[in-house]
Amino acid sequence: MKKNEIKEISELRKQLTSIKDKNYIDTKMAPMSMEKIVNETGFFPVADGLYKRGIENVKFPVGKIMVLGQDFGNEYYVDDLINKFGGDELNNKRSSTWRTIENIYVKEYNLKLEMCFFTNVLMDIREGNTTMTGNFVDKLGKKRKNNLLKKNLDFFIEQLNIQKPKIIICLGNAVIDFVSQLSFSDCIKPDIKEKKISNIDFVSEIKNPKINHLENVKLVFLTHPSNWKLNIKHRKYNNNLTASEAEKAMLKDAMKGLF
């Protein structure tokens, strides 16, 4: 392990090598280059998945919060991150994701970034300058989609085993399909067929997940930060709260009695 490297991140990087060379043909995903890794603030796997600004001894948040997105982005974005922004996603002022995390999740929702591990469902990145947004996985066809999700589900379980989160904050509709494979019936009403945020019971417990030692993990489905301004008006909670007040209450309820 290198100097200043965090034990849990080192272990995850080791585990990641077991899927990074697998065949992703026709998925428009490029295998994650282990040479393009940065140690500043940003989402895993390109960054360490930790908030590091102003913190001398950064610790991995075991037993705390996982913030889960779909994928890191495309090859063009990774190169820009390294060459223009010093490897720190917070330096990219065009990033609506981190802008919303800092201005809304922290200031309005009271999320403590040092308690979070920021990671993704998919461990590879989109090819070239492919669009950074949207759920492209659904366009792959059933066989290729299931193959891609299965490979990444195996690694996601490794992430869960190492972090043991009490809360998983899922960002946007694209993550629902993935998380539902762990415990679908506990987070979505039985009569609901379309898996999207507006149909979810937003704070729910996974009673008996397939990861045996992880019980009562709370799932919170938030509007994806990159489209927050456009979509936050649709959120509802507890029959009387809407928009950002609804999401603030969701997160508060999920964290109640845990930290």
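The values are calculated or read from the model by the stated rules, or taken from the named source; none is laboratory data. Note that the structure is predicted; figures quoted are calculated from it, not measured. Note that we place each Cβ from the backbone using ideal geometry, even for glycine, and neighbour counts take in every protein chain shown. Side chains included, ligands, DNA and RNA excluded: accessible areas come from the protein's heavy atoms. Shrake-Rupley method; radii C 1.70, N 1.55, O 1.52, S 1.80 Å.
Write out, first by first residue and then by second, each pair whose Cβ atoms fall under 6 Å of each other, whose residues are 6+ apart or on separate chains, and whose first residue, in segment 228-251, is without any contact (Cβ under 8 Å) to a residue 24 or more places away in the chain while the second is part of a helix (DSSP H, G or I) and among the hydroxyl-bearing types (Ser, Thr, Tyr). From segment 228-251, the pairs are Ile232/Ser244.
Considering every residue within segment 131-147, establish whether at least one is in a helix (DSSP H, G or I), of a type outside the set (A, V, I, L, M, F, W, C) and modelled with pLDDT of 90 or more. Checking segment 131-147: not a single residue is in a helix (DSSP H, G or I), of a type outside the set (A, V, I, L, M, F, W, C) and modelled with pLDDT of 90 or more.
Of all residues in segment 48-76, those satisfying the criterion of being in contact with a strand residue (DSSP E or B) (Cβ under 8 Å, 6 or more places away or on another chain) and modelled with pLDDT under 90 are Gln70, Asp71, Phe72, Gly73, Asn74, Glu75. Set side by side, the residues Ile125, Ile206 differ, and just one is modelled with pLDDT of 70 or more, in contact with an Asp or Glu (Cβ under 7 Å, 6 or more places away or on another chain) and open to solvent by less than 50 Å² (accessible area, probe 1.4 Å), which is Ile125. Just one of the listed residues (Ser18, Ser33) is among the polar types (S, T, N, Q), farther than 19 Å from Phe117 by Cα, at pLDDT below 90 and surrounded by 13 or more Cβ atoms within 10 Å (Cβ to Cβ), namely Ser33.
Tallying residues that are among the charged types (D, E, K, R) and either at pLDDT 65 or above or not in a helix (DSSP H, G or I) (or both) within segment 170-186 yields 1.
I need the full set of residues from segment 238-248 which are over 20 Å from the mean Cα position of the chain (by Cα) and surrounded by fewer than 18 Cβ atoms within 10 Å (Cβ to Cβ), in order please. Answer for segment 238-248, where residues must be over 20 Å from the mean Cα position of the chain (by Cα) and surrounded by fewer than 18 Cβ atoms within 10 Å (Cβ to Cβ): Asn238, Asn239, Asn240, Leu241, Thr242, Ala243, Glu245. In segment 95-114, the residues that are among the aliphatic types (A, V, I, L, M) reach residues that are open to solvent by less than 70 Å² (accessible area, probe 1.4 Å) and outside any helix (DSSP H, G or I) with C-beta atoms within less than 7 angstrom, at least six apart or across chains, in these pairs: Leu113/Tyr51. For segment 48-70, taking the residues that are of a type in the set (Gly, Ala, Ser) and surrounded by 23 or more Cβ atoms within 10 Å (Cβ to Cβ), the one that is nearest to Asn120 (Cα to Cα) is identified as Gly69.
Beta carbons closer than 8 Å, at least 6 apart along the sequence or on distinct chains, pair a first residue in segment 71-86 that is within 8 Å of Arg126 (Cβ to Cβ) with a second that is of a type in the set (Asp, Glu) for Asp71/Asp124; Asn74/Glu127; Glu75/Glu127. Scanning segment 88-114 for residues that are crowded, with 19+ Cβ neighbours inside 10 Å and under 24 Å from Phe156 (Cα atoms) returns Glu89, Thr97, Trp98, Ile101, Tyr105, Leu111, Leu113.
Of all the numbered requirements in (1) surrounded by fewer than 17 Cβ atoms within 10 Å (Cβ to Cβ); (2) at pLDDT 90 or above, Asn83 misses one, and that requirement is (2).
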